[in-house]
Amino acid sequence: MVGPHEAHSWFSYLLLVPIRFTGLAEDKPNCILEPLTLPERQESPSIPSDSAAGAADSVAESDRLVCLLCEQTFEDSAGDRDMFLAHLLVEHKVVIADVKLIADLKRYAKHWKERFQDQPLTEFCSVIRTNTHPTDKAPSEDFYLLCDVLPEDKQLREELQRGRLEEILTQQHKERTDAHFSRACLFCKMHFQGNRCELFNHMTFDHGFNVGQPDNLVYANEFLDILQEKLEGLQCLYCEKTFKDRPTLKDHMRKKLHKKINPKNTAYDKFYVINYLELGKNWESIQAEDDTEVVTEDTDKEEEWGDWEEEGAQAVCLFCDVSAESIDKLTQHMMDAHSFDFSKVKESLELTFYQQIKLVNYIRRQVHQCICVVCQERFSSRAAMLDHMTSQGHTGLPEKSVWDQPQYFFPTYENDTLLCNLEDKDADSGCQGDGIVVAEELPVPEQGSVLRDILRS
């Protein structure tokens, strides 16, 4: 129960709640043409529904907002959300604080509906009693505020935010790897297919229209639909003024440098991943944060870096999907499971840092293509290749000339943590003198190749 002064301020808050009373089998190629990533975790298998009808009913029910205290439901749209909040306020005297910061209002409402069936509102909500002053003529009323002051409510909001972020990142990855993207430029007649980055880069460099890095966008098709609709409606994308014809609009956007979106239009926030990263923060609040270092009182004390350990950096085995945070543990695993002693190989061959990189990338590429590291025989699966290597004793390395090639300077996997943990003895020993870089000779191209013709000319 709160006092009269607090109740007066909370009642003022209640008056600000927006309410609208409008009604309630070919061979694999020898080259890798796309970026690869090592496995991190397996996705949980989806649970099939009992029947198609049951699934349809479940989807229909989950698409609606359910009242916390009765059986009335609402559409999950901007207008009906206001009706949902108005219904809670008028019929049940319940107010949900900071509704805009709730990532999934449907799941939030469903959770509290279940909780309110077991216990009364007063167990979870702050009670705000209005008209408690002696001079107040209106009758006193109790309102119930549901907010993140309650630990359970705060935890629920954070879980919903994390779930929303996972959905957004999954959608973003799906769009980034979608090879069926097809769309015309907003400003010319050029048509783009395949990776969406080509369209956004074209609009940036050829038309000066920059919406940021394409990889930071999500729901790109919906975003482009909105922009196209505005342009077809002869509306400037920045100042959002409407013009009489397309030439006038183009001239205005060119002269006023309005070839950009309006940063104050919050409708665009949906399409940028940064707005989903932290609960209650959008791109403006994140950019406004002060990232400067905090100066401590003891400014003369040296910074201690010894206890700084990076979390979650898992190095993956060269032959299977086993991973470990420690390189020593991973090396021991490769020796026990695959009879490959990486430390012994480095010492016996006296490998330099760059030769270690080549060796790792060579083995990674061979294993990815299911080709034996030693005899180059190809197999239909990695398991068959590993069985062959074990049974034939092909757990060593081929001739040095096979893997010590410039092409293996380039990582096979983009996120190969093992490469970041290789030892550079020359750097650790503090070698002095100028380093000498020796150019490596490329193999002579085969007869009839384009490269040979270029070299001859």
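The values are calculated or read from the model by the stated rules, or taken from the named source; none is laboratory data. What you see is a predicted model; the values in this text were computed from it and never measured. Neighbour counts run over all protein chains shown; Cβ positions are idealised from the backbone, glycine included. Just so you know, the surface numbers come from the protein's heavy atoms only, side chains and all, with ligands and any DNA or RNA stripped out. Shrake-Rupley method; radii C 1.70, N 1.55, O 1.52, S 1.80 Å.
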Legend entry - Accessible surface ranking that places the most exposed of 240, 347 first, with a 1.4 angstrom probe: 347, 240
Legend entry - Sequence-distant lysines (8 or more away, or on other chains) whose Cα lies within less than 18 Å of residue 174: 270
Inset, instruction - Taking the Cα centre of segment 65-152 as origin, work out the dipole magnitude from +1 charges on Lys and Arg Cβ and -1 charges on Asp and Glu Cβ, in debye rounded to 20. - result: 100
Inset, instruction - Determine the shape class of segment 178-287: with a ≥ b ≥ c the square roots of the Cα gyration tensor eigenvalues, call it rounded for a/c under 1.5, and otherwise prolate if a/b is greater than b/c, oblate otherwise. - result: oblate
Inset, instruction - Would you work out if segment 65-152 is rounded, prolate or oblate? Take a ≥ b ≥ c from the square roots of the eigenvalues of the alpha-carbon gyration tensor; rounded if a/c is under 1.5, else prolate when a/b is larger than b/c, oblate otherwise. - result: prolate
Legend entry - FRET efficiency, 1/(1 + (r/R0)^6) with R0 51 Å, evaluated for residue 281 and residue 132 via beta carbons: 0.90
Inset, instruction - Could you tell me the accessible area of residue 243 in Å² (1.4 Å probe, neighbours in place), rounded to the nearest ten? - result: 50
Legend entry - Largest to smallest accessible area among 412, 242 [probe 1.4 Å]: 242, 412
Legend entry - Computed lengthening from residue 150 to residue 384, 0.36 nm per intervening residue step minus Cα-Cα distance: 78.6 nm
Legend entry - Hydrodynamic radius by Kirkwood, which averages 1/r over all alpha carbon pairs of segment 333-394, in angstrom: 12.3
Legend entry - Nearest-0.05 FRET efficiency for residue 162 and residue 399, computed from C-beta distance (R0 41 Å): 0.20
Legend entry - residue 182 accessible area, assembled protein chains, probe 1.4 Å, Å²: 60
Legend entry - residue 85 accessible area, 1.4 Å probe, all protein chains in place, Å² to nearest 10: 20
Legend entry - Cα lying deepest toward the dipole's positive end in segment 94-238, options 131, 213, 194, charges on Cβ: 194
Legend entry - Sequence of 215, 404, 336 when ordered by accessible area, the most exposed leading, probe 1.4 angstrom: 336, 215, 404
Legend entry - Equivalent ellipsoid semi-axes, segment 315-421, via Cα gyration tensor eigenvalues times 5, rooted, Å: 19, 16, 14
Inset, instruction - Provide the FRET efficiency to the nearest 0.05 for the residue 107-residue 235 pair, computing r from the beta carbons and using R0 = 51 Å. - result: 0.90
Legend entry - Where labels lie 7 Å past Cα in the beta-carbon direction, separation of residue 72 and residue 190 in nm: 5.4
